[in-house]
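A quick write-up on the structure given underneath.
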Amino acid sequence: MEKNGYTVAEAAQLMGCTVQAVREQIKANKINGCSCVKKGKNWSYYIPKMALDNYIKGGNSLDILKVLSYWNLNKSKNFF
């Protein structure tokens, strides 16, 4: 089963920066869709794949192939 999110270390590798830079960007709300929560003395980070992939691509870009494949799968349901 495929994971729906990235660890901080995986995100740092994809972004080409340090794990601390990823943490700081998430805390500053620089990456839309990613969040963090302080649990006692520690922080927990939520980094969804789609949010980070869109950030790396340059903002709110859509993956047109994913949209088309979704549309093709659901054509028979008369969405359009």
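Structure above, values below:
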quantity	calculated
Residues (free of Cβ contacts under 8 Å to residues at least 12 places away in the same chain and either open to solvent by 70 Å² or more (accessible area, probe 1.4 Å) or among the acidic types (D, E) (or both)) located in segment 28-55	N29, K30, V37, K38, K39, K41, N42, D53
Residues satisfying the stated conditions in segment 1-27, i.e. open to solvent by 80 Å² or more (accessible area, probe 1.4 Å) and of a type in the set (A, V, I, L, M, F, W, C)	M1, L14
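The values are calculated or read from the model by the stated rules, or taken from the named source; none is laboratory data. Remember, predicted model here, so these are calculated numbers, not experimental data. Virtual Cβ from ideal backbone geometry, glycine too; neighbours counted across all protein chains shown. Protein only, heavy atoms only, side chains kept; ligands, DNA and RNA dropped before computing areas. Shrake-Rupley method; radii C 1.70, N 1.55, O 1.52, S 1.80 Å.
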